Amino acid sequence: MKDSLDRKIIAVLQANARQSTSKIAETLGVARTTVHERIARMEDRGEITGYTVVLGHPNDAPMVQVIVSLSVQQPETKRIITRLKSYPEIKLCLSVNGEFDLLLSAEAPRIEDLDIMVDEIGAIPGVNRTKTSVVFGRRIDRT
């Protein structure tokens, strides 16, 4: 089970996963070996499953975001999700109930890039229907 120190370590890693264990230990006021052992234990338990790259926006260019709803043939869901992973524009894929089966959040510098992406996704075998909404603004963002 995670304790307070584990949660603090995770918070530091979420802010900057490239920080050294020495720097994390200094920030949290604990020994470097403690941080190293805690991270290793969380990795072993599957609580930390990887580290990722967060892409910046060139020249702080504004990004266009869309939400894409997908209706899919259920037996094809796993294969479709595998294909969706190949699109770097897709930042999030949620499995949902209701009229649609999957919700995607995607970003790109140009709406034309997203238009092409949505057309390609709609052509994936097993995708029955797509519905796309352009995001005008973020009112609450806790990511």
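Tell me the per residue accessible area of region 75-142 using a 1.4 Å probe; a whole number in Å² is fine.
70 Å²
Considering only Met117, Met42, Met63, give the residue with the highest GNM mean-square fluctuation for the chain, with springs between Cα atoms whenever their separation is below 10 Å.
For the chain, modelled as a Gaussian network with Cα springs under 10 Å, the answer is Met42.
Identify which of Gln74, Gln19, Gln65 has the largest mean-square fluctuation in a Gaussian network model of the chain, with springs joining Cα atoms closer than 10 Å.
With Cα springs under 10 Å in the chain, the top fluctuation among Gln74, Gln19, Gln65 is at Gln19.
What full-extension length gain, to one decimal in nm, is calculated for Glu47 and Lys78 as 0.36 nm per residue of separation minus the Cα-Cα distance?
8.8 nm
With label points built 7 Å along Cα→Cβ from the Cα atoms of Ser4 and Ser133, find their separation and express it in nm.
Between Ser4 and Ser133, the simple spin-label model gives 4.1 nm.
Between region 2-38 and region 70-143, how many Å separate their Cα centres?
Using only Cα atoms to place each centre, the spacing works out to 34 Å.
Quick one: net charge around Met42, please, counting Lys, Arg +1 and Asp, Glu -1 for every other residue with C-beta under 14 Å from its C-beta.
0
Roughly speaking, what is the stretch gain from Asp113 to Gln19, that is 0.36 nm per residue apart minus the C-alpha to C-alpha distance, in nm to one decimal?
Contour length minus Cα-Cα distance gives 30.5 nm.
Using a 1.4 Å probe and counting only protein heavy atoms, arrange Ser105, Ser86 so the residue with the most accessible area comes first.
Ser86, Ser105
Starting from the residue with the highest accessible area, list Thr33, Thr77, Thr130, Thr143 in decreasing order, probe 1.4 Å.
Thr143, Thr33, Thr130, Thr77
Return the equivalent ellipsoid semi-axes of region 15-121 as a descending list in whole Å, where each equals the square root of 5 times an eigenvalue of the C-alpha gyration tensor.
Ellipsoid semi-axes (Å, largest first): 36, 21, 10.
Please compute the net charge surrounding Leu102, taking Lys and Arg as +1 and Asp and Glu as -1 over other residues with Cβ under 12 Å from its Cβ.
Within the 12 Å Cβ shell, the charges total +1.
Based on the alpha carbons, how large is the Rg to Rh ratio for region 71-119 when Rh follows Kirkwood?
Taking Rh as the inverse mean 1/r over Cα pairs, Rg/Rh reads 0.98.
Counting only helical runs of four or more DSSP H residues, what would the 222 nm mean residue ellipticity of the chain come to if each run contributes -39,500 (n - 2.57) and the total is spread over all its residues?
-11000 deg cm²/dmol
Ignoring ligands, DNA and RNA, what percent of the accessible area of the chain is carbon or sulfur (1.4 Å)?
52 percent
The values are calculated or read from the model by the stated rules, or taken from the named source; none is laboratory data. Please read all numbers here as calculations on a predicted model, not as lab measurements. With ideal geometry, Cβ positions are generated from the backbone for all residues, glycine too; neighbour counts draw on all protein chains shown. Surface accessibility is based on the protein's heavy atoms, side chains included, excluding ligands, DNA and RNA. Shrake-Rupley method; radii C 1.70, N 1.55, O 1.52, S 1.80 Å.
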